[in-house]
1. Can you pull out the trypsin sites (Lys or Arg not before Pro) in segment 276-375 whose DSSP state is coil and whose Cβ has at most 16 other Cβ atoms within 10 Å?
2. Please give the per residue volume of the convex hull enclosing the alpha carbon atoms of segment 309-391, rounded to a whole number of Å³.
3. Counting heavy atoms of the protein chains only and a 1.4 Å probe, report the per residue accessible area for segment 248-379 as a whole number of Å².
4. Which entries of 282/435; 122/178; 332/540; 342/474; 141/435 show an alpha-carbon separation above 32 angstrom in the structure shown?
5. Residue 304: accessible area at probe 1.4 Å, nearest 10 Å²?
6. Quick one: work out Rg over Rh on the C-alpha atoms of segment 1-109, Rh as Kirkwood radius.
7. Could you list the square roots of 5 times each eigenvalue of the Cα gyration tensor of segment 480-520, that is, the equivalent ellipsoid semi-axes, sorted largest first and rounded to whole Å?
8. For segment 439-519, what is one quarter of the convex hull surface built on the Cα atoms, given in nm²?
Amino acid sequence: MSRKLPLADGETSRTACARILIRTGVEEKTGEIFPLPTLAERTGWCLDLVSGMAGQLIAGHWNTADVNTLASGHDAGGRKLPSNAWMALRRLGWLVAAPAKVNDRIVRMAQEQAGRALRSVKWRADVVSGVLTTWPGDPAKRAAEEWDAVRAAVPSGEYLPSSVIKSRTRQIAAFERKNGRLPADVFELEPAPRVARILLLAACDGQQATIERSDADPAKALLRLQLPTRPAPQTYKDWTWVACPITLPPTIPANAVLHLPTVRTVGGMVRADLAYTHPVPKTRRTGHTVALGVDWGLNTLLSSGAARLHGDGKITALGAGAQYRAAGVMAKQHRLRRHGEKLHAKNDQYTRIINGDDQHALVPRSALLAREIGRVADRRSNLNDALAWSAARWAVDQAIAATATVIYLEDLRSMEARGMGRTHNTRLSQQVRGKIADRMRYLAAEAGIAVVTVPARNTSRHCACCLTPLRHRKAPDRPTAPGWKWAVCPDPQCAWQGDRDQGAWRRIAARGLAHQTKTITDRATATMAIRTIVDTLEAKAVITRTTGQEDRSKTGPTRKRSPRPAPRRRRAPSPARPQGPAGQCPEGHVSTDRRLPRAAHRRQGVTTINTPTTGHRPRGATLGAGFHLHAHATPPRWAEPTPNSTVRMGSLS
């Protein structure tokens, strides 16, 4: 199988990952078919060998000198270290003794896993070192000079979110309260990390594992790898080749190149993270004319809309914008959080009562609570993942429908939830903005759409049409009630008013289009961002109102409309009520036995996200509950806009 990916003009290669399930295996020598429990057991024996050696390597080199040597990229003789972690560790002479008879590829996987972990700790070590070097007089509140000093001491600290520095400061302060002194470095502050039980087959060659895609059926592949036949192999005969047929998910294109996966066992099942490379359109940093602006919110998780940059430099909004509301999902997440907090408090009380006595009567109850805490944490994690994928997919669909080539996303990494009460602070802290942004970049890359973060300064405070500071009110029909939801421009020549979030996405899109020449790409993460605001460009980042549109601002009482004519009366008596669901309900017979979905009784509307009517139908949507009735979003308008027309993206009522 060829590993070279052919690319056309305007395309680039993209490596993605798909999770698959390995259900069975066949021993090639005897032809014996393994059931899933046997395959999971043999895979677990190999995982134990690799994780044990990786843990020894990490624990033996968990210090500042070794990590700095590995991160420097050069060995003692000045030669450049290889990019592969296992090769770099062998160049430095960091070896490990195998506890059983294993081939060299098993040791490679352990060295690769340990090398990646040791390389990743370098950034944390530099941040902690910078915070310790410039330790403030009051850790709870730094002065302006102390902030400048700590940012100068941390590599690339100028653009580092303040929340990262504050979290490290709180961690060091807790160590000081416990030990009466400051830690020397991050290696004293944190213990050696736990080693994940995984097989990094990417560090191996054909003597340990191979993967081939079927020529007859592109949806099938065959993974071959060597697995032990006993927990502690004594000879090489205790290792045999096992062929594992794999069914590829439909997300992997037929022309994609497959790579060796990362294998793990979860709950008695063998799972693999399969990497693949496929061609996608190239993304651009500049040259955008249509952009999608995305604003974060609390009850309304995402508010977005498209804007167009014209040849004369004017920026106009395309439509009224769209919303993605996930109040129901967040309410469920908060219920799980409160339940987890109660379980933690109860388990802590049991731990204090037990006081190290293994024979205490509460030991079984404490173990049961610990398992339940893990289950609640898994439910929260799964819910957050589902929400992140759903919100990201919605935003990318909006960009594709508007033919946008870039998504400008508000950068809220430095936002701290404080000063708004315990409830609001907790709700803001529990949002999954980072996950949504990562998923958005992942999905947008398939369509060749760039995702760029822009500074969030004054996006909701200034008017998108004239940059005048806005006045915020509770609602449009309550102009004197203080609030934050409704924004009104005090400039009489502008007089714009609307939802605060709807004005924010206009500001974000206009700011991104005006500052697109200031877009930079991070070399380490390949993410795009606009980090600084230029006053001359910011003055051009305004939305120009198009002429010929009716002003629908609420400036007075609603105009009285003529009364509707009386309804037509049926001259003949109504027919008998039909039996069964077929047919239209005749006049005079209103169904009273139809109950609303359960989600609608929790202040939720009954409109769902693209619930299918044919084929696969989610169980939650069928029963009127679950994820599909907890998230409500404006569907994208799949229309091809013309240069002289406007794409109107519907908004929720």
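The values are calculated or read from the model by the stated rules, or taken from the named source; none is laboratory data. All of these numbers come straight from a predicted model, not from anything done at the bench. Positions of Cβ are generated from backbone atoms using ideal geometry, with glycine treated the same way; all protein chains shown enter the neighbour counts. Please note that ligands, DNA and RNA were not included when accessible areas were found on the heavy atoms of the full protein model with its side chains. Shrake-Rupley method; radii C 1.70, N 1.55, O 1.52, S 1.80 Å.
1. Numbers: sites: 282, 284, 285, 308, 314, 325, 332, 335, 337, 338, 342, 346, 352, 365, 371, 375; in loops: 282, 284, 285, 314.
Passing sites in segment 276-375 are 282, 284, 285, 314.
2. Convex hull volume per residue, Cα atoms: 136 Å³.
3. Numbers: 6230 Å² over 132 residues.
Result: 47 Å² per residue.
4. Values: 282/435 23 Å; 122/178 25 Å; 332/540 42 Å; 342/474 35 Å; 141/435 29 Å.
Too far apart for the 32 Å limit: 332/540; 342/474.
5. 0 Å²
6. On the way: Rg = 19.5 Å, Rh = 18.0 Å.
Checking Rg against Rh, the ratio lands at 1.08.
7. Details: eigenvalues 142, 32, 9 Å².
Semi-axis lengths for segment 480-520 are 27, 13, 7 Å.
8. On the way: hull surface 27.0 nm².
Its Cα hull, projected and averaged over all orientations, spans 6.7 nm².
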